[in-house]
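Right, one structure below, let's go through it.
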Amino acid sequence: MTTTRIRAGADGTGLALAVLSAATFGTSGTFASSLIGAGWSPAAAVLARVALAAVLLTVPAVAQLRGQWALLRRGAGMMAAYGLVAVAGCQLFFFNAVERLPVGVALLLEYLGAVLVVAWMWLRHGQRPRRLTVTGAVTAIAGLVMVLNLAGQARINPAGLMWGLLAAVGLAIYYLLSASAGQERLPPAVMAWGGMCVGTAVLAAAGWAGLVPVTATTRQVTLLSHQVSWLVPVLGLSLVAAVVSYVAGIGAARRLGARLASFLVMNEVLFAVLFAWLLLGQLPSAVQFAGGGLILAGVALVRAGEQRGTPAPAGRPGDRDRELAGAAAGE
């Protein structure tokens with residue numbers, strides 16, 4: 001009974017963190033579009049986002065590491081992979097997609113990463129998805145298509161399609177790394193800080209070597225139908241869409257697992273549409289509202305399928321019990 005209550009509490013906290021992560025991630029497209037429209041390159045927008053986020057996370061990360069510096073050394077490999085692929089790679093791929101595609105289409109392509117997580121857990125770990133999970137995935141994707149109005153007149157740019165699919169791979173790796181098991185996992189703020197530091201170093205080196213164009217301007221940008229300083233979207237990208245979203249996302253993935261967390265964060269597209277409405281005056285249509293309902297229904301089905309549990313691979317019947325016990329203990 002006690003374990004059940006702890007597990008329910010962990011799920012509740014995980015759900016709250018997932019919604020917070022989705023809401024804050026949902027602001028990134030609007031902030032990035034305003035910078036790119038003013039002459040910033042995607043790489044410059046990402047570099048500004050992760051560099052400032054690394055600075056903002058330094059004090060909390062150092063405070064959490066006090067007396068536990070050995071954790072940093074043992075988790076160096078995980079942080080390097082997280083920073084290279086989940087932070088620098090995923091964001092750069094997405095912003096390159098946004099440069100060539102409508103924000104909504106780029107988001108849909110990126111969130112195919114949730115399907116990749118399901119496929120990876122099945123093929124690599126033998127965790128075959130239940131029917132509810134598959135049904136929920138199909139329902140959520142159908143809702144995304146409706147919300148993003150893909151039946152409209154927008155044409156798909158081949159290069160944008162490629163960048164969007166690469167962003168999907170990066171997103172899948174983000175959730176798999178965030179939810180990864182281990183005896184001594186780094187605290188979420190430390191994991192995010194390390195990833196931002198690595199991402200900053202990688203992007204700065206790539207820009208210095210001329211591998212990616214890093215161009216920025218200090219002229220005003222258009223946001224909320226007003227001309228504002230370029231610092232406004234940069235601060236929004238760094239504090240709201242990076243610091244809060246990544247820390248909350250790591251916490252959600254560890255409590256809910258990579259598969260459920262990756263589907264819950266699909267709600268980001270609903271928040272993205274909402275922010276586009278509030279900040280850019282783009283009123284959602286009736287079809288988009290209906291699509292939002294399908295996304296929520298799909299996520300509910302995926303959660304129901306996950307709550308029923310996934311059978312452990314053959315020959316290892318105790319793995320699932322240990323996984324549930326670890327989650328209940330807040331590992």
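For the stretch 108-132, give me each residue that is modelled with pLDDT under 75 and aliphatic (A, V, I, L, M). Residue satisfying the conditions is LEU108 alone.
In the stretch 1-42, which residue that is outside any helix (DSSP H, G or I) and closer than 25 Å to ALA114 by Cβ is modelled with the highest pLDDT?
The first filter runs over the stretch 1-42 and keeps only residues outside any helix (DSSP H, G or I), leaving 1, 26-27, 38-41.
Of the ones still in play, those that are also closer than 25 Å to ALA114 by Cβ are 26-27.
Numbers: GLY26: 76, THR27: 81.
Taking the candidates together, the pick is THR27.
Of the residues that make up the stretch 77-89, is at least one of a type in the set (Gly, Ala, Ser) and not in a helix (DSSP H, G or I)? No: the stretch 77-89 contains no residue that is of a type in the set (Gly, Ala, Ser) and not in a helix (DSSP H, G or I). A single entry from LEU52, LEU71 fulfils the requirement of being hydrophobic (A, V, I, L, M, F, W, C), at pLDDT 85 or above and surrounded by fewer than 22 Cβ atoms within 10 Å (Cβ to Cβ): LEU52.
Does the stretch 219-235 contain any residue that is of a type in the set (Val, Ile, Thr) and in contact with a Gly (Cβ under 8 Å, 6 or more places away or on another chain)?
To start, the set of residues in the stretch 219-235 that are of a type in the set (Val, Ile, Thr) comprises 221-222, 228, 232, 234.
Imposing the further condition that a residue be in contact with a Gly (Cβ under 8 Å, 6 or more places away or on another chain) reduces the set to 221-222.
Taking every residue of the stretch 219-235 in turn, at least one turns out to be of a type in the set (Val, Ile, Thr) and in contact with a Gly (Cβ under 8 Å, 6 or more places away or on another chain).
Got a number for residues in the stretch 58-75 being farther than 10 Å from CYS197 by Cα, part of a helix (DSSP H, G or I) and touching a residue at least 60 places away in the same chain (Cβ under 8 Å)? Even if it seems obvious, please write down each step before you answer.
Going through the stretch 58-75, the residues farther than 10 Å from CYS197 by Cα turn out to be 59-75.
Then keep just the ones that are part of a helix (DSSP H, G or I); that gives 59-65, 69-74.
Subset that is touching a residue at least 60 places away in the same chain (Cβ under 8 Å): 60-61, 64-65, 71-72, 74.
Number of matching residues: 7.
Looking only at residues of the stretch 177-201 that are within 14 Å of CYS90 (Cβ to Cβ) and crowded, with 22+ Cβ neighbours inside 10 Å, we find that the one that is modelled with the lowest pLDDT is SER178.
Report yes if ALA16 is closer than 18 Å to VAL214 by Cα and surrounded by fewer than 24 Cβ atoms within 10 Å (Cβ to Cβ), otherwise no.
Numbers: closer than 18 Å to VAL214 by Cα: no; surrounded by fewer than 24 Cβ atoms within 10 Å (Cβ to Cβ): yes.
For ALA16, the condition - closer than 18 Å to VAL214 by Cα and surrounded by fewer than 24 Cβ atoms within 10 Å (Cβ to Cβ) - is not met.
Residue count for the stretch 221-243, restricted to those that are surrounded by fewer than 17 Cβ atoms within 10 Å (Cβ to Cβ), modelled with pLDDT of 90 or more and not aliphatic (A, V, I, L, M): 1.
Taking LEU92 as the residue in question, decide whether it is touching a Pro at 6+ places or on another chain (Cβ under 8 Å), more than 21 Å from PHE275 (Cβ to Cβ), assigned to a helix (DSSP H, G or I) and at pLDDT below 85. Write out each step before concluding.
Details: touching a Pro at 6+ places or on another chain (Cβ under 8 Å): yes; more than 21 Å from PHE275 (Cβ to Cβ): yes; assigned to a helix (DSSP H, G or I): yes; at pLDDT below 85: yes.
The answer is yes for LEU92.
Under the condition of being outside any helix (DSSP H, G or I) and closer than 12 Å to ALA179 by Cα, the residues counted in the stretch 227-259 number 1.
The values are calculated or read from the model by the stated rules, or taken from the named source; none is laboratory data. Note that the structure is a prediction, hence the values are computed from the model and not measured. All Cβ positions, glycine included, derive from the backbone under ideal geometry; neighbour counts span all protein chains shown.
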